[in-house]
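Inspection log for the structure reproduced underneath, given as structure tokens.
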Amino acid sequence: MRFRFAVGAAVASATLLAACGSSSTASSTATTAAPSTTSAASGGSSSSSPPNIPNNPFAGKTIRLISSGAAGSTHDLALRAAAPYLAKYLHATTDVVDMPGGGQLLAWNYISKAAPDGLTIGTTDIQGLLANRWEKVPNETPNIQDLSYLGFVGGGVAGGAKVLFSVNTNKAPLTNIFTLVQDHTTKVTYLGSVGDVSVPMLFKIYNVPYTALTTYSGSLAELQGILRGDGELSSKTWGGSWASFVTSGKGKVLLEFSMRKTWGIDANVPTLYTLLKKNPPATASEKAALEANASALDAGMGLFGPAGIPANKLAILQAAIKWTVAQPGFIAQSQKSKLSTAYESPQQEIAAINAGINPTTEATIRKFVPLSTGVAS
């Protein structure tokens with residue numbers, strides 16, 4: 001069955017995400033916009049004046065922007081960069097609330113159970129929503145087809161790319177990804193998260209023998225493990241210490257998990273699109289599974305609300321987010337935080353989700369992704 005989504009129209013209400021426990025917040029910051037459309041919002045650069053909204057249903061209201069990550073996370077930083085511009089466009093107060101927990105499930109469940117009035121929206125990784133379905137997380141049945149998608153920033157670009165890191169070595173088969181997927185004799189050790197989908201699925205589909213080490217406490221601990229020789233490979237979002245690992249000459253990037261033709265950081269690094277062209281997997285269903293995961297990563301970080309937001313409010317929120325992502329101040333702040341600045345539309349997010357919940361594709365992915373005891377990433 002293929003689900004259909006209403007974009008710019010009310011979304012049919014259905015069973016919401018299962019509750020994950022009582023909500024908690026790590027921090028909260030409110031931004032209030034004055035009614036005047038000529039004053040510049042904070043963010044480091046002046047912004048254009050937003051259009052007038054007749055009978056604006058958000059004027060004077062407080063909109064809760066729920067970050068599914070902790071303070072200082074990409075979700076938190078992106079919302080704080082966007083908040084003053086959303087406030088300005090909507091003539092509202094925007095209140096950023098960090099609600100980490102359960103690998104984003106706490107925030108997802110909270111938002112999904114909120115009143116469908118457009119006053120509670122928040123961040124989600126599109127691939128994370130799908131991965132929770134693919135991994136059949138216990139006691140969770142996220143009906144992601146019923147949510148209201150608003151758009152935000154895409155992945156697969158400089159600030160939102162998931163890549164496969166390797167130690168800088170001349171040892172085959174770690175010289176490049178094409179060698180790795182064609183060599184079925186050398187066993188590699190991969191340092192990764194319990195809920196990772198991308199690397200285990202890639203390795204299993206291409207019959208790359210590997211051992212996964214998943215006992216590290218976090219990203220930095222994994223990097224330290226790579227540096228001391230615990231293993232040869234890990235997959236993380238480009239940026240920070242992992243980017244320095246490469247730029248310092250200690251590491252290299254073998255692959256970007258993206259269906260874009262080139263990677264903006266380094267055009268010499270192949271993307272999954274290139275790999276599938278040059279070395280397609282054995283079956284069409286396996287190819288579709290890899291494409292679905294990469295397309296979801298390309299969809300990046302979205303803003304969403306509960307099912308049933310009225311059509312007029314949904315359209316205004318979508319327009320506000322599109323306007324926000326184009327503002328120089330938002331772009332400057334996002335670049336400073338090494339975040340993506342590429343706009344991703346609700347239609348693009350929905351297309352990625354449709355591909356991921358295709359029954360054949362979902363069944364194929366589940367062949368390579370075990371039942372999770374945690375939350376997918």
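Answer with yes or no whether Leu105 is crowded, with 19+ Cβ neighbours inside 10 Å and modelled with pLDDT of 90 or more. For Leu105, the condition - crowded, with 19+ Cβ neighbours inside 10 Å and modelled with pLDDT of 90 or more - is not met. With the structure loaded, tell me whether Ala355 is in a helix (DSSP H, G or I), modelled with pLDDT under 90 and buried (at least 17 other Cβ atoms within 10 Å of the Cβ) or whether it fails that test. Yes, satisfied. Quick one: count up the residues across the stretch 240-254 that are under 25 Å from Leu276 (Cα atoms) and within 18 Å of the chain's Cα centre (by Cα). Total satisfying the criteria: 0. Checking each residue in the stretch 157-175 for being modelled with pLDDT of 90 or more and either more than 21 Å from Lys250 (Cα to Cα) or surrounded by fewer than 18 Cβ atoms within 10 Å (Cβ to Cβ) (or both) picks out Val167, Asn168.
Ile331 fulfils the conditions (1) in a helix (DSSP H, G or I); (2) within 12 Å of the chain's Cα centre (by Cα) except for a single criterion, (2).
Leu150 passes all but one of (1) of a type in the set (A, V, I, L, M); (2) under 26 Å from Gly102 (Cβ atoms); (3) at pLDDT below 90; which number fails? Of (1) of a type in the set (A, V, I, L, M); (2) under 26 Å from Gly102 (Cβ atoms); (3) at pLDDT below 90, only one is false for Leu150: (3).
The values are calculated or read from the model by the stated rules, or taken from the named source; none is laboratory data. All figures in this text were calculated on a predicted structure; none of them were measured in a lab. Glycine gets a Cβ as well: all are built from the backbone with ideal geometry, and neighbour counts include every protein chain shown.
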